[in-house]
Amino acid sequence: GVSEPVQSFGSLPNVPRELEEIQQLFGGHVLLDGAFSARSLDAAVAEDRPTLLHVASHVMFTGDPKESFVLTHDSKLDLDQFARIIQRTRYREDPLELLVLSACRTAVDDPEAGLGLAGIAIRSGARSVVGSLWDLSDEASYELVVEFYRQLRAPARSRAQALRRAQLTLLDDPQFSHPFYWSAFVLVNTWL
């Protein structure tokens with residue numbers, strides 16, 4: 001993830017807490033700020049063989065693949081590069097079960113590009129993708145995503161149920177009860 005202001009994009013101050021809490025719940029390898037580059041993400045997917053991948057950064061999805069990207073600390077990872085990284089997981093014995101894009105407008109629908117970056121990830125081999133439909137509050141995104149992962153740890157709870165429960169948690173919080181804060185996230189593909 002990227003928390004620092006880079007490449008003319010503002011800071012995302014809750015990203016370090018978000019990644020730390022997810023790591024406490026599920027383990028794994030964190031690439032934050034300077035450690036989160038296109039090269040390090042590619043290497044981590046190839047070497048660590050994650051079945052869950054969480055990306056917390058700015059995303060620009062314009063509908064034009066040449067202008068759409070995931071922001072890493074050192075570059076803008078275009079859709080083709082992002083798809084190639086995800087495709088590494090497609091035919092493994094341990095495929096990428098869940099990709100979470102806790103960023104801005106990662107699932108935006110476009111007639112030429114399916115469901116934005118979430119659609120690219122699904123076509124590239126991720127079994128399920130959680131993405132957002134519009135620009136989000138950094139604090140609300142942090143709260144919802146961490147609660148989603150907490151809910152996901154419950155035995156026999158599906159991804160769809162975990163997302164629903166996380167959204168209900170925000171709905172019950174007076175600070176985040178407006179649908180703007182909790183309804184942007186969608187789950188694409190496998191709901192189980």
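In the neighborhood of residue 124, defined by Cβ-to-Cβ distances under 12 Å, what is the net charge if each Lys or Arg adds +1 and each Asp or Glu adds -1?
Numbers: positive: 84, 88, 90, 123, 127; negative: 80.
Net of charged neighbours comes to +4.
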Review point. How many nm separate the modelled label positions at residue 164 and residue 137, each set 7 Å beyond the Cα in the direction of the Cβ?
Key: 2.4
Exercise for review: Find the accessible area per residue for segment 151-192; the probe is 1.4 Å, ligands and nucleic acids are left out, and the unit is Å².
Suggested key: 62
Practice item. Per DSSP H run of at least 4 residues, take -39500 (n - 2.57); add these up for the chain, divide by its residues and hand me the 222 nm value, nearest 500 deg cm²/dmol. Key: -11500 deg cm²/dmol
Check your understanding: Given a cut-off of 28 Å, what percent of all Cα-Cα pairs of the chain lie beyond it?
Key -> 16
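For the chain, calculate the relative contact order in percent as a whole number, restricting contacts to Cα pairs under 8 Å that are 6 or more residues apart.
Rounded, it is 18 percent for the chain.
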Practice item. In whole angstrom, note down how far apart the Cα centers of segment 25-40 and segment 134-192 are. Key: 22
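In the chain, which longest range has no GluC sites (Glu not before Pro) that are both DSSP loop (not H, G, I, E or B) and surrounded by at most 11 other Cβ atoms within 10 Å?
Looking at the chain, 1-92 is the longest stretch - no exposed GluC sites (Glu not before Pro) with at most 11 other Cβ atoms within 10 Å.
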Check your understanding: So, counting K/R as plus one and D/E as minus one, what does the shell of residues with Cβ under 13 Å around residue 171 add up to?
Key -> -2
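Taking 1 over the mean of 1/r across every pair of different Cα atoms in segment 28-76, what Kirkwood radius in Å do you get?
Numbers: mean 1/r = 0.0856 Å⁻¹.
In segment 28-76 this quantity evaluates to 11.7 Å.
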Check your understanding: Roughly how many nanometres apart are two label points built 7 Å out from the Cα toward the Cβ at residue 123 and residue 29?
Key -> 2.8
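What number comes out for the charge environment of residue 41, summing +1 per Lys or Arg and -1 per Asp or Glu over other residues with Cβ under 15 Å away?
With Lys, Arg at +1 and Asp, Glu at -1, the neighbours total -2.
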Review point. At a probe radius of 1.4 Å, what is the per-residue accessible area of residue 153, in Å² to the nearest 10?
Key: 130
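Which loop-located chymotrypsin sites (Phe, Trp or Tyr not before Pro) does segment 54-95 contain, where loop means any DSSP state but H, G, I, E or B and the Cβ has at most 13 other Cβ atoms within 10 Å?
91
The values are calculated or read from the model by the stated rules, or taken from the named source; none is laboratory data. The structure presented is a predicted model; accordingly, all values stated were derived computationally and were not measured. Note that we place each Cβ from the backbone using ideal geometry, even for glycine, and neighbour counts take in every protein chain shown. To get the accessible areas, we keep the full protein, side chains included, count just its heavy atoms, and leave off ligands, DNA and RNA. Shrake-Rupley method; radii C 1.70, N 1.55, O 1.52, S 1.80 Å.
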